[in-house]
Amino acid sequence: MTKKKNKVLEGAEYGVDSRYTSKKDKEVDGKTLMEARLKRMNNLSEDQIARAKLLQLKLKMEEYISKPVYQDNNFFTEFLTTYIDTIYSKRSNFAKDIDITPILLSKVINNHREPRDEFMMRLMIHSEKTYKNICEFHKKTWFQVYFHEKICDTMSSQDKWRPKVEKHVNVSKLIKAE
């Protein structure tokens, strides 16, 4: 049986200052800082945790929109699931709040159905009201995430659809370069 050593996490992301002269001082301060963070996190209320998660979600969505990522992932449904699960203990309560059936919500979340405009508009209004006391949340964010994903999916899967579609495209008049 072998013993595993506890690995000390170093670096700015762990809150450990790189100016220490002794490794022991660095480890002690790092451990103390982590204990203080854990103690503080354990004292947070459910509302504070939800606010933090919603703010983090907003930042992730904004980052996703700003980057030209061409991968075949379902970020919209991931973000939607995180949003709903952060606020509600049951997804059916969210469905009730935006006046849709739990079955429709399940189909959207599981990518069995595309969200319709009505769904997106209700989600937009729900988010505006939810984020009202947390931070500024742009009305168009959910739409941007959804359509950014559609663009990324289309661009990343060109090798699948392009040969079929290209057969139906002709250019009868080409513009000459100067």
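Can you pull out the residues in segment 20-63 that are among the hydroxyl-bearing types (Ser, Thr, Tyr) and either modelled with pLDDT of 80 or more or touching a Phe, Trp or Tyr at 6+ places or on another chain (Cβ under 8 Å) (or both)? So that I can check it myself, show each step before the final result.
Our first condition is that a residue be among the hydroxyl-bearing types (Ser, Thr, Tyr); within segment 20-63, this holds for 20-22, 32, 45.
Passing the criteria: only 45.
Per-residue answers, yes or no, for (1) among the hydrophobic types (A, V, I, L, M, F, W, C); (2) over 20 Å from the mean Cα position of the chain (by Cα):
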| site | (1), (2) |
| --- | --- |
| 55 | yes, no |
| 58 | no, no |
| 64 | no, no |
| 75 | yes, no |
| 101 | no, yes |
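Collect the residues in segment 157-178 that are within 29 Å of residue 74 (Cα to Cα), modelled with pLDDT under 90 and loosely packed, with under 10 Cβ neighbours inside 10 Å, keeping them in residue-number order.
Matches in segment 157-178: 159 only.
What are the residues in segment 33-90 that are without any contact (Cβ under 8 Å) to a residue 60 or more places away in the chain, basic (Lys, Arg) and either surrounded by 14 or more Cβ atoms within 10 Å (Cβ to Cβ) or within 22 Å of residue 102 (Cβ to Cβ) (or both), if any?
Result: 53, 60, 90.
Going through segment 104-113 one residue at a time, which ones are at negative phi and loosely packed, with under 12 Cβ neighbours inside 10 Å? It would help to see each step written out before you state the result.
So the first thing to find is which residues in segment 104-113 are at negative phi, and the list is 104-110, 112-113.
Hits for segment 104-113 are 110, 112.
Can you find, within segment 154-178, the residue that is nearest to residue 114 (Cα to Cα) among those that are free of Cβ contacts under 8 Å to residues at least 60 places away in the same chain and hydrophobic (A, V, I, L, M, F, W, C)?
Within segment 154-178, the subset free of Cβ contacts under 8 Å to residues at least 60 places away in the same chain is 154, 158-178.
Retained after the next criterion (residues that are hydrophobic (A, V, I, L, M, F, W, C)): 161, 165, 169, 171, 174-175, 177.
Values: 161: 19, 165: 22, 169: 27, 171: 33, 174: 37, 175: 38, 177: 42 Å.
Checking each candidate, the answer is 161.
Just for helices (runs of 4 or more DSSP H) wholly inside segment 37-122: which have at least 2 residues that are within 23 Å of residue 133 (Cα to Cα)?
Values: elements: 46-66, 75-87, 91-97, 102-109.
By residue number, 46-66, 75-87, 91-97.
Does segment 135-156 hold any residues that are modelled with pLDDT of 90 or more and among the aliphatic types (A, V, I, L, M), and which are they?
145 - this is the single residue of segment 135-156 that is modelled with pLDDT of 90 or more and among the aliphatic types (A, V, I, L, M).
Within segment 116-128, does at least one residue satisfy the condition of being surrounded by 12 or more Cβ atoms within 10 Å (Cβ to Cβ) and of a type in the set (Gly, Ala, Ser)?
Yes, that holds for at least one residue.
So the check is Cβ under 9 Å with 6+ separation or different chains; which pairs have a first residue in segment 134-153 that's touching a residue at least 40 places away in the same chain (Cβ under 8 Å) and a second one that's among the hydroxyl-bearing types (Ser, Thr, Tyr) and not in a helix (DSSP H, G or I)?
Taking only residues 6 or more apart or on different chains, the pairs are 152/70; 153/70.
Using the structure shown, decide if residue 143 is under 17 Å from residue 82 (Cα atoms) and in a loop (DSSP other than H, G, I, E, B). Write out each step before concluding.
On the way: under 17 Å from residue 82 (Cα atoms): yes; in a loop (DSSP other than H, G, I, E, B): no.
The answer is no for residue 143.
The values are calculated or read from the model by the stated rules, or taken from the named source; none is laboratory data. If you're wondering where the values come from, they're calculated on a predicted model, not measured in any experiment. Backbone-built Cβ (ideal geometry, glycine too); neighbour counts: all protein chains shown.
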